[in-house]
Each structure stands twice: as structure tokens, then as C-alpha cells.
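The values are calculated or read from the model by the stated rules, or taken from the named source; none is laboratory data. Nothing here was measured: the structure is a model prediction, and the numbers come from that model. Remember, those area values only see protein heavy atoms, side chains included, never the ligands or the DNA or RNA. Shrake-Rupley method; radii C 1.70, N 1.55, O 1.52, S 1.80 Å.
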Amino acid sequence: IVDGFDDNTFRPDNMITREEIMLILSRINTGYASQSAYFNDIVNHPNADAIEVLNTLGIVNGYSEDEFGPNDELTRAQICAIMVRAMTDDIEKTYNDTFVDVLYDHYFRAEIDTAYHMGIMNGYGDGKFGPDDFVNYNGMITIMLNALGYNSKVLPGSWPENVQKYADKLDLTEG
């Protein structure tokens with residue numbers, strides 16, 4: 001599901017981009033094909049189909065009708081929104097005041113609260129979530145394993161080695 005790079009390395013500390021998460025999630029979703037590129041910045045893009053499918057399904061949005069930003073790095077808030085929309089239609093509508101840095105009017109507040117309560121993502125332990133912090137590959141693999149029910153309570157060892165090892169075991173990573 002998650003490929004390495006052309007030189008057969010995985011580079012788990014690299015930040016993940018919007019394009020890359022589209023490709024990962026589209027590999028999970030099979031049997032759906034999109035018709036045409038409608039974001040100007042993905043025309044002739046190698047992963048345009050993946051982006052279009054996930055946009056059509058309502059899992060991802062562009063910045064506007066014309067711009068998706070495929071090479072932009074993903075924030076923790078954005079990945080919450082993507083993962084929650086991919087997994088459920090039951091997004092928390094009430095304000096839980098879970099994290100001191102995710103206020104009531106935060107654009108992805110509901111998705112962050114839902115991801116937290118689903119066990120997909122946690123805060124930093126100091127009451128903060130870091131919604132604008134970027135997600136690297138180790139973080140994304142951790143999020144994917146959490147979504148599959150393999151969290152730190154069931155994975156032996158220390159992070160990030162334990163998630164890398166288990167992701168390899170499940171064939172989630174390559175490279």
C-alpha cells in the first residue's frame with residue numbers, strides 16, 4: 001500500500017504529501033474509476049485518478065474548485081479529516097474541548113475529535129494536538145495501524161521501530 005522510493009529506501013522521516021495519501025487510500029479503495037481531472041493542478045499528474053476518486057467520494061477536498069495542491073505536505077488536522085471521512089459518516093458534532101490548541105472554531109475540530117475518540121490519532125500528552133504540524137511517513141504508518149486496530153497497546157517494542165516492523169509484516173510498506 002505504501003511504496004518506498006526508486007532507490008529502494010523507505011525514508012520514514014520524510015513528510016507525507018497530499019498526493020501520496022491519495023495514492024495510499026486509493027489502493028485500499030478498489031473498483032471505482034473517475035472520469036476526468038477537474039483540479040487544474042492535477043491535469044496529467046500521475047496520481048490524478050486517485051485524487052479524483054477520493055474527491056468524488058467526499059474523502060478529500062481541494063483548496064478551491066481549481067486547486068488541489070498535490071505536492072503540499074499534510075498537517076495532522078488534514079490527515080484526521082481524510083482518515084475520518086474514509087472510515088465513517090458519524091463525525092462528532094459536539095465540542096469536546098479535548099485539546100487546548102484545537103478551539104471550537106477550528107476548521108477540522110470535529111474530525112480531530114472524532115479521530116481521537118476512534119483511536120486513530122492522539123495528542124502529544126501535554127494537552128496539545130498540534131493540528132498544523134506536518135505528518136511524516138512514520139506518523140502515517142502509525143495512523144494507518146491505529147485505524148486497523150493495531151495501536152501501541154498491542155504492538156510490542158518502541159516507536160517507531162514497532163510500527164515499521166508491523167507495517168512490513170502486514171505488507172503495508174515496500175522499500
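The table below lists the values:
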read-out	value
For the stretch 42-172: lysine pairs under 25 Å (alpha-carbon distance), excluding those fewer than 8 apart on one chain	4
The stretch 70-170: relative contact order as a whole-number percent, Cα under 8 Å and 6+ apart	28 percent
Percent accessible area from carbon and sulfur atoms, the stretch 47-89, protein chains only, probe 1.4 Å	37 percent
Residues of the stretch 38-175: accessible area per residue with a 1.4 Å probe, Å²	54 Å²
